[in-house]
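The values are calculated or read from the model by the stated rules, or taken from the named source; none is laboratory data. The structure displayed is predicted, hence computed values, not measured ones. FYI the Cβ positions are ideal-geometry reconstructions off the backbone, even for glycines, and counts take in every protein chain you see.
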Amino acid sequence: MCQDSDQLEIYGAMGTPSSTTEPDTTVKPAEDPLSTQRILRAFTGSLMAGTFTLLFYKMTVAIATTFANKPVVSDNITVINLSSAVRTLVVGVVAMGTGVFGMAAIGLFALGIQMIGQRLRGIQTTGLSSDSQK
């Protein structure tokens, strides 16, 4: 009996070990929103997304060309319809990935330009809106 009560104290009511350490409640200082590091992150992210865009575009063209050069040979209309649907889905998914990465590249590049412009004009951004500062 004594052993069970000791285990209850150690493991708690649910049978899991209880944590005796306090959680880390230290607050880290916020990084400057217009720091050089953040601007470089925006441009490197844009470069990476742009690279993925070009790779996905080349893959889309290669897949579409392969599908166009190899028609489905079958007498069964169901096979032709299903293969047409699958080919459309494959090209569509890869083309959608191209578009998503392309938009991300454009957005990150525009964000980098915006941060450079704000830094040159000396605009200091904060987490508060202008209405709450009044």
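A Cβ distance below 7 Å, combined with a sequence gap of six or more or placement on separate chains, defines the contacts here; from the stretch 53-67, residues that are without any contact (Cβ under 8 Å) to a residue 40 or more places away in the chain reach residues that are of a type in the set (Lys, Arg) in the pairs 67/87. The residue list 65, 98 contains one member that is exposed (fewer than 11 other Cβ atoms within 10 Å of the Cβ), polar (S, T, N, Q), at pLDDT 90 or above and not in a loop (DSSP other than H, G, I, E, B), which is 65.
Do we have residue 70 as over 23 Å from residue 109 (Cα atoms), basic (Lys, Arg) and either touching a His at 6+ places or on another chain (Cβ under 9 Å) or modelled with pLDDT of 90 or more (or both) here? I'd like the intermediate steps shown before the answer.
Numbers: over 23 Å from residue 109 (Cα atoms): yes; basic (Lys, Arg): yes; either touching a His at 6+ places or on another chain (Cβ under 9 Å) or modelled with pLDDT of 90 or more (or both): yes.
Yes, satisfied.
Listed conditions (1) in contact with a helix residue (DSSP H, G or I) (Cβ under 8 Å, 6 or more places away or on another chain); (2) closer than 27 Å to residue 43 by Cα; (3) polar (S, T, N, Q) are all met by residue 74, apart from (2).
For the stretch 107-116, indicate whether the set of residues that are at pLDDT below 95, part of a helix (DSSP H, G or I), among the small types (Gly, Ala, Ser) and loosely packed, with under 13 Cβ neighbours inside 10 Å is non-empty. No, because not a single residue in the stretch 107-116 is at pLDDT below 95, part of a helix (DSSP H, G or I), among the small types (Gly, Ala, Ser) and loosely packed, with under 13 Cβ neighbours inside 10 Å. Residues that are within 22 Å of the chain's Cα centre (by Cα), at pLDDT 95 or above and surrounded by 10 or more Cβ atoms within 10 Å (Cβ to Cβ) do not occur anywhere in the stretch 25-38.
Restricting attention to the stretch 68-85, the residues that are surrounded by 12 or more Cβ atoms within 10 Å (Cβ to Cβ) and of a type in the set (A, V, I, L, M, F, W, C) total 4.
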